[in-house]
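Asker: One structure, pasted below without further comment.
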Amino acid sequence: MLTQVGYSERVLFMRILLAVFLLILSLQSTIKAEDIRDFEIEGMSVGDSLLDYMSLEKINISKRNYFDDQRNYYVVGLADNLNSYDVLDLYLKTGDKKYIIRTIGGVLDLSGPKCFSKKDEIAIELENFFPNIVKEEFEKSHEFDKSNKSKQYQTVFFLKNTKKANDPHIRVECSVWSEDIKKKTGFSDSLNVVAMTTEILDWIYSGYK
């Protein structure tokens, strides 16, 4: 039978143990909120090997032909067996035999109010998942359309407080194409969710070299 002193010591020890446990959880939560690798699209994350989700043969035949020559990075498209998106864009480094995902983006064919409603819904989920990052709203002309009539409406979550152009971020956007672009290219309005890394942003700003 425990004495009063022994019981008090045991209660004190349990309280200290609980405090330490809560501190560890708090630190883990902080780390999670700053790590883009904890954000998943269709169960995939930046840092995963694409070989865990696609065969090498499938990867090779799914490369997007964005460039006529070989660049430092390339994009693989995936449209099979997806639950939330119509297609995924997966950025890989040329020559990487582990096929590590450097950036991942999901595209959903949505337009008008439905796109903006879904965009707001995803943004709220991101705010809950990453409570410590900085949110910014942007409206910009799409670089592809030289007439400046096509627009991108973005909610951007920066994973660093500096908010530099090449800071890693998660972006949710509605892309609204002009009627001329739709007729010429067959493009359709869409919702895009992208986990963008500094590595790929530096490549983009280099001119996709």
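Derivation of every value follows stated rules applied to the coordinates shown; laboratory data play no part. Just so we're clear, the structure is a prediction, and the values are computed from it rather than from any experiment.
Asker: Subtract the Cα-Cα distance of S117 and K146 from 0.36 nm times their separation in residues, and report this length gain in nm to one decimal.
Answerer: Result for the pair: 7.7 nm of gain on full extension.
Asker: Could you pull out the pairs from K97/K182; K63/K164; K114/K149; K97/K184 whose alpha carbons sit more than 32 Å apart here?
Answerer: K97/K182; K97/K184
Asker: If you project the alpha carbons of the stretch 38-205 onto their three principal axes, what span does each projection cover, largest first, in Å?
Answerer: Taking max minus min along each principal axis of the Cα atoms, the stretch 38-205 gives 42, 40, 32 Å.
Asker: Now for a separate question. For the stretch 124-137, what does the Karplus curve 6.51 cos²θ - 1.76 cosθ + 1.60, with θ = phi - 60°, yield as ³J(HN,Hα) per residue in whole Hz, taken in order and with x for Gly and Pro?
Answerer: Result, rounded to whole Hz: 5, 4, 5, 4, 6, 7, 10, x, 9, 9, 9, 9, 9, 10.
Asker: Any idea how far the Cα center of the stretch 45-89 sits from the one of the stretch 122-196, in Å?
Answerer: A separation of 21 Å, based on Cα centres.
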